[in-house]
Amino acid sequence: MTPLGVYIHWPYCARICPYCDFNVLRDRGRGEEQRALKEAILADLRRHRELTGPRELTSIFLGGGTPSLMDPDWAGEMIALCRSLWTPAADLEISLEANPTDAEAGRFAGFAAAGVQRLSLGVQALDDASLALLGRNHGAGEARRAAALGARVFPRLSLDLIYARPGQTPDAWRTELAQAIDLGAEHLSPYQLTIEAGTAFDRAVKRRTLVPPGEDLAAELFDATQETLSAAGFSAYEVSNHARGPAARSRHNLVYWRGQDYVGAGPGAHGRLTLEGARTASFAAAKPADYIARVAETGLGWATREALTPEQAAEERLLAGLRIEEGVAFDEIAALGLALAHPEVASLIAAGLIAPDPARLRATPAGRLVLNWVTSRLALA
């Protein structure tokens, strides 16, 4: 049975972070809208089952936004519905994104009772000055307490961190990573701070009131990440994701990186499904009101749907597959004409950026450091 992942987007946040360019809204005063949105997501999922037919359900990911602000009973309804619509895999992974401010024992216990077994906690930093800079509404002590509670309540814990912050040094980052490791997570996701267009940080950079690290320092921080986590037993199975062994890897994210099918439900959610033999990209309406109206009208929240050409599908597969250490099989990107003997591939192998593997296109550790450049070279080859 063909595997399937499900992503559910809950767009509400207590505070909008200055670096965030996700589809998010302030949580306050939206109770009626949220109840209607919950019902629309359930209807959207039911309609998706008609499109996909029977599938093996490998993962459910409640993301956002801050889905831990949701009523845990609502999460339970969504999870139970997914389990009834598709056949749960024996190792079905059910993840929830949360912020430390939402770490109340009763709420965490409620989400665990709803079926969540994996908590992805956005601690982002472990010192108060950095958290203030990042616009977070929690302190370092609260982050540590939330991680400790999450480790007790859920079988699996992942922590998100942001590095390459203004003024950050490699030594300070190594110390912070060591502190994060001591919190007991099986999975760490250190993301390099990127300045996204239209965000508050983008405006601050243009005003020169925020100065992110240069490329050389960012590379040093990346290297410090790999060295510190590797020494602690974490494998960098993806550019920004490190796990203590294969069982600790995010099965949901691997759905994306391996080019498998996934349903996207909720405002602004993306989906990828194989429909009528074509890789099909769907994009849900971004505003909750528009999404609710689309579901009421058509049964689906889609604002647009596009059947990708073989070349588009192969390029998407290339960009995602090179992010993971296993890479992507050449036969999955045949539409791009890439092979071991291709001049561009051969050039990148000679430069030590691509591994000389006859079956798969894989970035070396050096290649992963400049992955955007490598993938742009291959996509244009």
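The values are calculated or read from the model by the stated rules, or taken from the named source; none is laboratory data. In this text, all values refer to a predicted model and were calculated from it rather than measured experimentally. We place every Cβ from the backbone using ideal geometry, glycine too, and count neighbours over all the protein chains shown. These accessible areas exclude ligands, DNA and RNA; they are computed on the full protein's heavy atoms, side chains included. Shrake-Rupley method; radii C 1.70, N 1.55, O 1.52, S 1.80 Å.
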The extension gain from Tyr191 to Glu326, computed as 0.36 nm times the residue separation minus the Cα-Cα distance, is 46.6 nm
Residue by residue through region 263-275, which ³J(HN,Hα) values in whole Hz follow from phi under the Karplus form 6.51 cos²θ - 1.76 cosθ + 1.60 (θ = phi - 60°), with glycine and proline marked x? 7, x, 10, x, x, x, 5, 9, x, 9, 9, 8, 10
Using the Karplus equation 6.51 cos²θ - 1.76 cosθ + 1.60 (θ = phi - 60°), what ³J(HN,Hα) coupling, rounded to whole Hz, does each residue of region 323-336 give in order, writing x for Gly and Pro? 6, 9, 5, 6, x, 9, 5, 4, 5, 7, 10, 4, 4, 8
Extended-chain gain in nm, criterion 0.36 nm per residue less alpha-carbon gap, Glu276 and Leu51: 80.0 nm
Region 24-86 - percent of accessible surface contributed by carbon and sulfur, probe 1.4 Å: 42
Cα Rg, Dmax (largest Cα-Cα span) when computed across region 1-79, Å: 14.0, 43
The chain - accessible surface per residue (Å², probe 1.4 Å): 42
Scattering profile of region 19-141 at q = 0.14 Å⁻¹ [log10 I(q)/I(0), Debye over alpha-carbon scatterers]: -0.70
Only one of the listed values, (1) 43.7; (2) 18.6; (3) 23.4, was derived from the coordinates as mean projected area of the Cα convex hull in nm²; which label is it? (2)
Could you calculate the FRET efficiency of Glu227 with Arg203 from 1/(1 + (r/R0)^6), where r is the beta carbon distance between them and R0 is 35 Å, rounded to 0.05? 0.55
Along each principal axis of its Cα atoms, how long is region 73-186 end to end? Whole angstroms, biggest number first, please. 50, 25, 22
Length released on extending from Ala351 to Thr87, taking residue separation times 0.36 nm less the Cα-Cα span: 90.5 nm
Whole-Hz couplings from phi, Karplus 6.51/-1.76/1.60, listed for region 194-204; x for Gly and Pro: 10, 8, 8, 4, x, 8, 4, 5, 4, 5, 5
Once neighbouring chains are kept in place and the probe is 1.4 Å, which whole percent of the accessible area of region 188-290 is contributed by carbon and sulfur? 50
Residues whose modelled amide H sits under 5 Å from the amide H of Ile94, counting only those 5 or more places away in sequence or on another chain, are Ile60, Gln117, Arg118
About its Cα centre, how strong a charge dipole does the chain have in debye, to the nearest 20, once Lys and Arg get +1 and Asp and Glu get -1 at the Cβ? 520
Run the helix sum for the chain: -39,500 (n - 2.57) per DSSP H stretch of 4+ residues, divided by residue count, reported at 222 nm to the nearest 500 deg cm²/dmol. -12500 deg cm²/dmol
Unpartnered cysteines - no second Cys beta carbon under 4.7 Å - across the chain: Cys13, Cys82
So for region 125-267, Kirkwood radius off the Cα pairs, Stokes-Einstein at 4 °C and 1.567 mPa s: how many µm² s⁻¹? 78
Taking 4 °C and 1.567 mPa s as the conditions, I'd like the Stokes-Einstein D for region 110-169 in µm²/s, using the Kirkwood hydrodynamic radius from alpha carbon pairs. 104
